[in-house]
Each structure stands twice: as C-alpha cells, then as structure tokens.
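Written below as structure tokens is the structure these notes are about.
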C-alpha cells in the first residue's frame, strides 16, 4: 500500500470514528440520565421491611436494573475509565446506580429471606388458631396481624422472585401461602358471625380538591365492571398519593414510567343485612397528562372473603 493510500485509509477511519462518536454521544448521555434516575429511585432501602408497599414498583423491576447495570459495565467498562465526556458522565452515573442498587439488593435480600417467609407463614396460622381459641374475632379484622401478614408474605415473595427468579424455594413458598390462606379461611369460618359483626369500613382520609372527581371514577368503574350491587359508600383510604419512577425494558428499548398511586374502595349492598367492601387501585400517569386509570383489586363476582363483609348498619 502506498503512503498516499495509507493516509486516505487513516483519514477515513478517523472520520468514521468521529462520526460514530457524534452519533452516539446522545445515546451515552441517555444511558447516564437513566442510571441517575434509577439510583434516585432506590433511596431509603432500609424502609423496605417496614414500608414494603412503597417499594413494590422498584421490586418488580429490580432484576432488570441489575441486568442493565451489568450489561453497561461490560459493554463500556474500558471507555468509562477515561476522563472524556460523555464517558465520564456515564461513569459517574454508573457508579452511583451500582452503589445504590447494591445497597437496595442487600436490604431486599434481608426482607425476602426464605427462613423469614416461612416464619411469617407460621405466625399467621398460629395467630388464626389463637383467635379461634380465645374466641377473639378481632384477630381476623382488616388491618390486624393476620391480614397484614398475608399482604407482607405476598410482598416478600415478590421481592424474592425479583432478586432470584430461579430460586428453588419459590414454588414451595407460593404453594405454602395458598395452603395457609385456605387453613386460615377455614378457621375464620367457625367465627363467621362474630368476625362480620366486628368489621368496620376502611378509613376515608383523602381530602384534596379532586376528591369528588376520584370518587366519581370509583363509582364509574364499579358500574362498568362490578357485579351490579348497589354502592352504599365510596372512599379513598390514604390522604396522599405515592409516586414512583421506574424504567422497564420492552424488547431492546427502555421505557420510563412515572406514576402516582392511591387506593380506594366501594362498599356495596349484598343483602338486607350485609355489605361488601371492594378495593380499587387508582393510578395517575404523569407522562400522559396525569391521566387516571382505575382497576379492581379482586374479582367482584367471586365469593367475598370474611374480612370484606360487614353489617350494613356500620356503613355511614
């Protein structure tokens, strides 16, 4: 190859490299921005055990976060050692997200340990047995240890599956949860009338200016997808929305989610004496002009659980 030809080849290679860099700078900066937002979303992992409901969206995508961070580290590890932008931006964001994810995984792992889940299921069943033994229907009320225990067990299983989807204990624990729930329901049935008599409507704490509009959405959802029972009351359980920003991989693309969630309910008339509580989730999509969607938590046509039955006289 002549000197002239070599210079032409080198010039073309340098030009194509510079063009590649220009074309991909924005993509690298997009990676950095996403990693920074992921790191920001993984704050306060020490509250996973005490407030798991605030971490559910993160737990659902935790595995994807780990795969993404590992993938970027493997793909761009060499470039991130340089001090040149955009690699320095990516390096800073990658280190930050990696550090936050590692700490988050540590706390999630403690929350979702197999022995802890087993112990919780045993405590739930023991509590139901004590409730029957002591003739104490309050043990089975919404918001008490048995109902909250089942919610926590489901959340712990979600975290375990997110951290280790191949865990051999998952299938056993899921089956055990179903078995314990069935046993608790059988125990509760022996105190049916006492449990119903002790049940009360959920809190109705929301007082923001859009309260009436949200209650209307709950009633409209019930009218479309409920079982035809008359609505006696609608309410919103908590006073504030809970907001979460997550990223989820769909095919080869990453999609950003920015939503706020709150839980409401309708109480409907079952017969002349009894009413049924139905829980609904409200979700506000901040990327779609704050559009609100409503979903029923359970099948309204299924046999109602005892914790959701109450005397009509309690509905005000």
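Just so you know, all these numbers are worked out from the coordinates, no wet-lab data involved. Small disclaimer: the values here were computed from a predicted structure and weren't measured. Positions of Cβ are generated from backbone atoms using ideal geometry, with glycine treated the same way; all protein chains shown enter the neighbour counts.
Need the failing condition index for residue 178 against (1) buried (at least 16 other Cβ atoms within 10 Å of the Cβ); (2) under 23 Å from residue 296 (Cβ atoms), just the number.
Residue 178 satisfies all of (1) buried (at least 16 other Cβ atoms within 10 Å of the Cβ); (2) under 23 Å from residue 296 (Cβ atoms) except (1).
Identify, by number, the condition in (1) part of a loop (DSSP other than H, G, I, E, B); (2) out of contact with any strand residue (DSSP E or B) (no Cβ under 8 Å at 6 or more places or on another chain); (3) farther than 30 Å from residue 101 by Cα that residue 313 doesn't meet.
For residue 313, the exception is condition (1).
Among the residues of segment 152-177, how many are closer than 30 Å to residue 234 by Cα and either touching a strand residue (DSSP E or B) at 6+ places or on another chain (Cβ under 9 Å) or free of Cβ contacts under 8 Å to residues at least 24 places away in the same chain (or both)?
1
Among the listed residues 32, 49, which satisfies the condition of being in contact with a helix residue (DSSP H, G or I) (Cβ under 7 Å, 6 or more places away or on another chain), touching a residue at least 24 places away in the same chain (Cβ under 8 Å) and outside any helix (DSSP H, G or I)? Break it down stepwise before answering.
Details: 32 fails: outside any helix (DSSP H, G or I).
None of the others qualify; the one that does is 49.
Go through segment 117-150 and report how many residues are out of contact with any helix residue (DSSP H, G or I) (no Cβ under 7 Å at 6 or more places or on another chain) and either touching a residue at least 12 places away in the same chain (Cβ under 8 Å) or not in a helix (DSSP H, G or I) (or both). Before you say what the answer is, go through the steps one by one.
Taking segment 117-150 as the starting set, the residues that turn out to be out of contact with any helix residue (DSSP H, G or I) (no Cβ under 7 Å at 6 or more places or on another chain) are 118-119, 122, 126, 133-136, 143, 148.
Now narrow it down to the ones that are either touching a residue at least 12 places away in the same chain (Cβ under 8 Å) or not in a helix (DSSP H, G or I) (or both): 118, 134-136, 143.
Residues that pass the stated criteria total 5.
Looking only at segment 195-215, count every residue that is in a helix (DSSP H, G or I) and surrounded by 17 or more Cβ atoms within 10 Å (Cβ to Cβ) and tell me the total.
Result for segment 195-215: 5.
Can residue 173 be described as loosely packed, with under 13 Cβ neighbours inside 10 Å and under 20 Å from the mean Cα position of the chain (by Cα)?
no
It is to be established whether one or more residues within segment 244-253 are under 23 Å from residue 268 (Cβ atoms), more than 22 Å from the chain's Cα centre (by Cα) and surrounded by fewer than 13 Cβ atoms within 10 Å (Cβ to Cβ).
Within segment 244-253, the first condition is being under 23 Å from residue 268 (Cβ atoms), and the residues that meet it are none.
No: zero hits.
Considering 103, 53, 71, which residue is touching a strand residue (DSSP E or B) at 6+ places or on another chain (Cβ under 8 Å) and surrounded by fewer than 16 Cβ atoms within 10 Å (Cβ to Cβ)? Give the steps one after another, and end with the answer.
Values: 103 fails: touching a strand residue (DSSP E or B) at 6+ places or on another chain (Cβ under 8 Å); 71 fails: touching a strand residue (DSSP E or B) at 6+ places or on another chain (Cβ under 8 Å).
From the options 103, 53, 71, the qualifying one is 53.
If you go through segment 280-302, how many residues are assigned to a strand (DSSP E or B) and either over 18 Å from residue 143 (Cβ atoms) or without any contact (Cβ under 8 Å) to a residue 24 or more places away in the chain (or both)? Don't jump to the end; show me each part of the working.
Taking segment 280-302 and keeping what is assigned to a strand (DSSP E or B), we get 280-285, 291-296.
Subsequent filtering for residues that are either over 18 Å from residue 143 (Cβ atoms) or without any contact (Cβ under 8 Å) to a residue 24 or more places away in the chain (or both) retains 281-285, 291-296.
Result for segment 280-302: 11.
Where residues in segment 74-95 are in a helix (DSSP H, G or I) and surrounded by fewer than 17 Cβ atoms within 10 Å (Cβ to Cβ), which of them is nearest to the chain's Cα centre (by Cα)?
Taking segment 74-95 and keeping what is in a helix (DSSP H, G or I), we get 74-76, 79-81, 87-95.
Within this subset, residues satisfying the condition of being surrounded by fewer than 17 Cβ atoms within 10 Å (Cβ to Cβ) are 74-76, 79, 81, 88, 92, 95.
On the way: 74: 29, 75: 30, 76: 31, 79: 35, 81: 35, 88: 33, 92: 28, 95: 25 Å.
Per the stated criteria, the residue is 95.
Do we have any residue at all in segment 216-223 that's assigned to a strand (DSSP E or B), in contact with a strand residue (DSSP E or B) (Cβ under 6 Å, 6 or more places away or on another chain) and surrounded by 16 or more Cβ atoms within 10 Å (Cβ to Cβ)?
Within segment 216-223 (the criterion being assigned to a strand (DSSP E or B), in contact with a strand residue (DSSP E or B) (Cβ under 6 Å, 6 or more places away or on another chain) and surrounded by 16 or more Cβ atoms within 10 Å (Cβ to Cβ)), the answer is no, since none of the residues qualifies.
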